[in-house]
Amino acid sequence: NKVGRYFTDHIINSTVPASCVSSFENRETYHNNFRAWQSDKNKPPIYVGGQGVGGILLTAATIQAAYKNYTNSTFRGFIVRDAKKDHGTGKLIEGHFDPGGCVVLVEDVVTSGKSVLAAAKVLHDETGRRPDLILCLLDREEGGMDAIWGQGYECRAFLTMHELIEQLKKVVAV
């Protein structure tokens, strides 16, 4: 919804075989985010979903990584559509979803927070559930995470723009 100061082409990496899953598997931060959240809430995330291309890719990667790294993984995926289709199921929430389970909404990049907040609204309107956690890959640090917290959602970022830039400085001139 909002154009950020920096452009990150994370979709290109996500569409290379196994790179999306391996980028999560090799990051301790990813596992620590889920472990910390699980211990805080004393319940495992089960239903993981996202909206748009980035959200769908992250949903698939999260489920694959969970399956590979957690014994007896019960993660299931869903997608949040931005509009109903005239064909198919006609649902805004597609895939595996049980409103009685734990719900994690994943987002690729948070700038203003509007996209993931819109997805959370659709989720609530369609199912009566709010996400237990919103997890984003990259926080551009432009107020989006504050907007999400401001709406009463718990959210965590896998990486901030500042952290990304600092890592890039180690390998290339930025």
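Worth a mention:
- Pair list, Cβ under 9 Å, 6 or more apart: region 94-108 residue at positive phi and in contact (Cβ under 8 Å) with a residue 40 or more places away in the chain, other residue among the hydroxyl-bearing types (Ser, Thr, Tyr) and in a strand (DSSP E or B): Gly95/Tyr47
- Qualifying residue in region 146-156 (condition: open to solvent by 20 Å² or more (accessible area, probe 1.4 Å) and within 12 Å of the chain's Cα centre (by Cα)): yes
- Count - residues of region 64-93 that are at pLDDT 85 or above, among the hydrophobic types (A, V, I, L, M, F, W, C) and open to solvent by less than 50 Å² (accessible area, probe 1.4 Å): 5
- Pair list, Cβ < 6 Å and 6+ apart or interchain, from region 132-160 residues that are hydroxyl-bearing (Ser, Thr, Tyr) to residues that are part of a strand (DSSP E or B) and open to solvent by less than 40 Å² (accessible area, probe 1.4 Å): Tyr153/Ile134; Thr160/Asp139
- Taking the criterion of being modelled with pLDDT under 90, open to solvent by less than 30 Å² (accessible area, probe 1.4 Å) and not small (Gly, Ala, Ser), the only residue of region 94-107 that qualifies is Cys102.
The values are calculated or read from the model by the stated rules, or taken from the named source; none is laboratory data. Nothing here was measured: the structure is a model prediction, and the numbers come from that model. Positions of Cβ are generated from backbone atoms using ideal geometry, with glycine treated the same way; all protein chains shown enter the neighbour counts. Surface accessibility is based on the protein's heavy atoms, side chains included, excluding ligands, DNA and RNA. Shrake-Rupley method; radii C 1.70, N 1.55, O 1.52, S 1.80 Å.
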